[in-house]
1. Can you tell me which lysines have their Cα less than 24 Å from the Cα of K296? Leave out same-chain residues fewer than eight positions away.
2. Given the DSSP H assignment, sum -39500 (n - 2.57) over each helix run of at least 4 residues in the chain and divide by its residue total; what's the result at 222 nm in deg cm²/dmol, nearest 500?
3. Please list the non-local residues whose amide H lies under 5 Å from the amide H of L166, H modeled 1.01 Å from N, same-chain partners needing a gap of 5 or more.
4. Taking only C-alpha pairs under 8 Å that are 6+ residues apart, what is the relative contact order of the chain in percent?
5. Per-residue HN-Hα couplings for the range 243-250, Karplus 6.51 cos²θ - 1.76 cosθ + 1.60 at θ = phi - 60°, whole Hz, x for Gly and Pro?
6. Tally Lys and Arg at +1 and Asp and Glu at -1 over the other residues with C-beta under 13 Å from the C-beta of D52: what net charge comes out?
7. Hey, which aspartates and glutamates would be in cross-link range of K183, C-alpha to C-alpha under 19 Å, not counting anything within fewer than 8 residues on its own chain?
8. Scan around V214 for amide H atoms under 5 Å from its own, H built in the peptide plane at 1.01 Å from N, and keep only partners 5 or more places away or cross-chain.
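Just so it is clear, none of the values below were taken in a lab; they were calculated from the coordinates. Only a predicted model underlies this, so the values are computations on that prediction, with no experimental measurement involved. Please note: Cβ atoms are built from the backbone with ideal geometry, for glycine as well, and neighbour counts cover all protein chains shown.
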Amino acid sequence: MSMHPPRHIDRHVHLEGGLDPTWIRARAQEQDKKLPDSLEGLWKGADRSFEDFIESFLFIASLIRSRDAIRDAVRSITTRTLASGGHGFDLWCSPHWLVVQEKQLPLEEFWKGLEEGLQEARTEGLATAVVIDAVNHFGIDHGHEVIDLIHQDLPDYVVGFSTGGLERVPFREWAPVFDRARKLGLRISAHAGENGHPNNVREAIMEGGVSRIVHGVLSDDETLQLLQVKSIPVDICISSNRILVPSLVQHPLPHMLRSGVRCALGTDDPGIIPCSLSTEETHARRLGLTEEELEKLWVHGEADAWCLLGRAH
Ligand SMILES: [Zn+2]
């Protein structure tokens, strides 16, 4: 048991969702693009759908056309993390969309922009790591393409591989893609139990072999038990869940934590759904967590952070 107070790690934040509204407005104006109503609505905290969120996310992604834009995105996340007294972040990135799908910049420029941004963050004393995100609903051919894209000269700061998006393709089908990522030394995670059936969490673990779950908020008690028994870390993003998981009447974080699940806090897309590590802690407290339970979130957050653990091998 370590005796120092736990470092506060943002356990789940997306590169594209980390850019500030001021940056987004300026680039949209430069590129002569109109901001979608969905994004303006999300900034104001209006209730929106997952589809609205995806529209906003892709609109922001369309503005990222250079190495500097990548660096700026990391810089926004660094600034926000420091403002909350945070000590690091696990950063989800989707290079396939920018480099292959939309051809907005070459892969080398993507890596260089990331390296510059991460170097700045490290200079500020932050721990950093990158998780490459594939889109579940694009299917496993897309998953293989993501691995094809990144597998050569994979930078050291990439430590994980994940799926995100809509939970449509069963995780047993993703297993061969996850196996390839694992052979690269990467840790495996999945967005599951967010917009799909609760069983997705179980299948991701049992058949996909993932060692970390993003969200998992739709898990039933049996699944929570599996998460507890297997000590699977779960990233909880309360502000994001409130908008993107409208079926949640009451956020399950207290129940998950009291079921022995290794929950930790993340911000997900703070440039789209405004939040920070500080607001997430406030939300967690308002859900009725004790100070001891809040401390536990930070302890888990540090102990299971990939930015501190590095690659699997
Ligand atoms: Zn996410």
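1. K230
2. That comes out to -14000 deg cm²/dmol.
3. Long-range HN contacts for L166: N136, H137.
4. About 22 percent, as a whole number.
5. 8, 9, 10, x, 6, 6, 6, 10
6. -4
7. Output for K183: D133, D141, E145, D148, D153, D156, E173, E207.
8. Long-range HN contacts for V214: A190, H191, A192, D235.
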